[in-house]
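Step one of this worksheet: look at the structure below.
The values are calculated or read from the model by the stated rules, or taken from the named source; none is laboratory data. Just so it is clear, the model here is predicted, and its values are computed rather than measured. A quick note on method: Cβ atoms are made from the backbone with ideal geometry, for glycine too, and the neighbour counts reach across all protein chains shown. With ligands, DNA and RNA removed, areas are computed over all heavy atoms of the protein, side chains included. Shrake-Rupley method; radii C 1.70, N 1.55, O 1.52, S 1.80 Å.
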Amino acid sequence: MTAVAQERTRQRLLDEACRLFAMHSFAGTSLQMIADTLGVTKAAIYHHFKTRDEILTAVIQPAIEELRTAIAVAEVQRTPAARADAMLSGMVDLTVKHRALIGMIGMDAGVTSALQSHPDIVELIQRPAELMRLDGSPGAEINATIALAGIATAASSPVLQHHDQAELREHMLAAGRRVLGLRTRRS
């Protein structure tokens, strides 16, 4: 099998695993289920990944890299408001792009539990809330948490799936800016 064919097979496996995790939960999806759905043997799954945790890590890796980039952009901003706005924008972009994945990460206790074994990911996931705080007050911390939870919930909501990405992005940014107390920008 060529490297290109192996990468295609690996990506097909990840796509199917993500779909099954979303449908049956992370804990409710076995390697055998993934193999059966793909029409391959469990040994074929083991060729690429040894555990479901490895599959989960690979499924979320693209979003994790985008989160790292969004954090880096926010961290270099000069003022707390600019950092908060840059982080808000980065989070909105990420959640709109990865709607199904964000829903799975946010709503699946098995995913949350599995990610606890990755302290680097846990720390990374906590960083946006820190960057979205305008000051050290409890209100700023609560507002940042509300904004992040609202973004994740809205992006992954089946009720809002009929909205295109641009429309969803525009409204989520405006709502996030209101929650955080940032100036509203005109598009």
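Here are some notes:
- Computed extension gain for R8 through S157, at 0.36 nm per residue and net of the alpha carbon distance, reaches 50.7 nm.
- V76 - accessible surface, heavy atoms, 1.4 Å probe, Å² rounded to 10: 110
- With contacts taken as Cα pairs under 8 Å and at least 6 residues apart, the stretch 71-162 reaches a relative contact order of 36 percent.
- Under 17 Å from the Q165 label point (7 Å along Cα→beta-carbon), backbone N, the stretch 89-133: 89-103
- Tilt relative to the chain, helix 80-97 - C-alpha long axis, 0 to 90 degrees, to 10: 30
- T37-E65 FRET efficiency (beta carbon distance; Förster radius 30 Å; 0.05 resolution): 0.65
- Protein-only accessible surface at a 1.4 angstrom probe places the residues R78, R12 in the order R78, R12, largest first.
- Helix content alone sets the calculated 222 nm mean residue ellipticity of the chain: runs of n ≥ 4 DSSP H residues at -39500 (n - 2.57) each, divided across all residues, give -25000 deg cm²/dmol.
- Packing-based order for 98-106, 67-75, using average beta carbon neighbours within 10 Å, highest first: 98-106, 67-75
- Rounded to the nearest 0.05, the FRET efficiency derived from the C-beta distance between H48 and E141 at R0 = 35 Å is 0.30.
- Note: relative contact order over the chain, using C-alpha pairs below 8 Å and six or more positions apart, is 20 percent.
- Mean Cα-pair separation over length for the stretch 61-121, i.e. relative contact order, pairs under 8 Å, 6 or more apart, %: 26
- Gaussian network model of the chain, Cα within-10 Å springs - most flexible of E141, E54, E130: E54
- Each of the peptides 112-121, 31-40 was scored by the mean count of other Cβ atoms within 10 Å over its residues; in descending order, highest first, they stand as 31-40, 112-121.
- Taking packing as the residue-averaged number of other Cβ atoms within 10 angstrom, the listed peptides 16-28, 156-168 run from highest to lowest as 16-28, 156-168.
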